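S.K.: This is the structure I have questions about; it appears just below.
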Amino acid sequence: MIAATPLVILGPTASGKSDVAMALAGRHPNAELVVADAMQVYRRMDIGTAKPSIADRSAVPHHCLDLVDAADEFTVTDYAVAAHRAMSDIAGRRHRSVFVAGTGLYLRSVTDPMEMPGRWPEVRRELDQRIAVEGVEALHAQLVVLDPAAAAKMEPTNGRRVVRALEVTIASGRKFSSFGPGIGTFPPVPFLQFGLRWPRPLLAERIARRVHAMISAGLVDEVAELARGQVSRTARQALGYKELFAQFDGVGSLEAAIESIVTRTRQFAVRQERWLRRDPRIRWIDIDGDPVASALPVLESAWQSSN
RNA sequence: GGUCGAGUAGCUCAGUCGGCAGAGCACACGCCUGAAAAGCGUGGGGUCACCGGAUCGACGCCGGUCUCGACCA
């Protein structure tokens, strides 16, 4: 028998993805959730990442949570490995994967056949030094020569992307652009994807409420505890953590930090929307207040018709 | 009641000698294959509190009005 087509529930932060996924799983004992979230992979970062509760996690199997410690770095490729393993384990049990996805790139690394070029730290170090001395434009100019196609796809001022493309092109002997069409193409894939879409003002309100709820739930203590030890470069940029770390270092008041968390989370949600709405494979469900009530019937019929 | 200060983009504020109205943030739109809750770009916004005056020309100068703040009574 062929494994059931995985379902994907995606949407911006605070859109209610997890609630919808729990409701769906509550009706199907063979559903297992696979989370695609760049920050919920870190242990000890629970409140600020809105990680599913222990109760939810014991009621329904969750995968790809708490994969590494907050002191460890973690990247897309690590996620792709973990998610593929989870998916094949689930299929082995003849269960069905339901992705709960907020990080678009992480999800794409699973749904789309992507070839990740690899890393070359020595070359990278060298480029990081050069960019400080010569400036981004010089490196971009070099990329134009070595891999014009890649150079054309990024802003000449985007240091991070320019360095990455050069790292790969110089060190691998292959052009960065030869590793695939990039994320701008959307081939048919064996996943049924559903997006939760909110009117922006409503979502903004939910975000503000949720941030304040996180503070009430003890976010400041969680971050303070974290600040006592090592926090990796990738983990420390999590919304809510970054701002509080800065506040502990003496930047501004707690109130200002909270306000900044709200604003930046709102901006993040918009960025998520913009990333997701390009993908024509996603079927959108409009939410006007109750995500479960709006989305469950749609997902339920998708579950039935594709099983 | 009096004196002084302030009033310019949604917010905080620049604006030199009277000569096309500015910045940061916010907001909108877009890009990005090993940091993606990251990184990068684009641009829409103005009755310069209001009324009048002098001037070729006023956000700016003159007179008055309103609002806010501080101080004095």
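None of the figures in this text is laboratory data; all of them are computed from the coordinates on show. These numbers come from a predicted model, not from an experiment. Reconstructed Cβ throughout: ideal geometry from the backbone, glycine too, with neighbour counts over all protein chains shown.
S.K.: Take segment A:261-270 and flag every residue that is surrounded by 17 or more Cβ atoms within 10 Å (Cβ to Cβ) and within 8 Å of RNA strand B (Cβ to nearest atom).
M.R.: A:Thr265, A:Arg266
S.K.: Next question. Taking the residues in segment A:276-286 that are more than 9 Å from RNA strand B (Cβ to nearest atom) and not in a strand (DSSP E or B) as candidates, determine which candidate is nearest to A:Gly195 (Cα to Cα).
M.R.: A:Leu276
S.K.: Also, I was wondering about something else. Would you point out which residue out of A:Glu273, A:Glu243, A:Glu255, A:Glu300 is more than 8 Å from RNA strand B (Cβ to nearest atom) and within 20 Å of the chain's Cα centre (by Cα)?
M.R.: A:Glu243
S.K.: What residue, of A:Glu115, A:Glu137, is within 14 Å of RNA strand B (Cβ to nearest atom), out of contact with any helix residue (DSSP H, G or I) (no Cβ under 8 Å at 6 or more places or on another chain) and of a type in the set (Asp, Glu)?
M.R.: Only one candidate qualifies: A:Glu137.
S.K.: Pairs only if they're at least six apart or on different chains, beta carbon under 6 angstrom, first in segment A:1-28 and closer than 26 Å to A:Ile47 by Cα, second polar (S, T, N, Q) and outside any helix (DSSP H, G or I); list them, first residue then second.
M.R.: Sorted first by the residue in segment A:1-28, then by its partner, the pairs are A:Val8/A:Gln193.
S.K.: Do you know which residues across segment A:29-82 are more than 13 Å from RNA strand B (Cβ to nearest atom), free of Cβ contacts under 8 Å to residues at least 60 places away in the same chain and in contact with a helix residue (DSSP H, G or I) (Cβ under 7 Å, 6 or more places away or on another chain)?
M.R.: Listed by number, the residues that qualify are A:Asp56, A:Val60, A:His63.
S.K.: I'd like to check something: does segment A:193-214 contain any residue that is more than 29 Å from A:Ile287 (Cβ to Cβ) and crowded, with 18+ Cβ neighbours inside 10 Å?
M.R.: no
S.K.: Considering each of A:Arg281, A:Arg274 in turn, give the residue that is among the basic types (Lys, Arg), free of Cβ contacts under 8 Å to residues at least 24 places away in the same chain, out of contact with any His (no Cβ under 6 Å at 6 or more places or on another chain) and over 21 Å from A:Asp46 (Cα atoms).
M.R.: Residue meeting the stated conditions: A:Arg274.
S.K.: Further, regarding this structure: What's the number of the condition A:Glu155 fails, among (1) touching a helix residue (DSSP H, G or I) at 6+ places or on another chain (Cβ under 6 Å); (2) outside any helix (DSSP H, G or I)?
M.R.: (1)
S.K.: Mind listing whichever residues of segment A:128-182 are under 25 Å from A:Pro113 (Cβ atoms), hydroxyl-bearing (Ser, Thr, Tyr) and surrounded by fewer than 18 Cβ atoms within 10 Å (Cβ to Cβ)?
M.R.: Across segment A:128-182, the qualifying residues are A:Ser172, A:Ser178.
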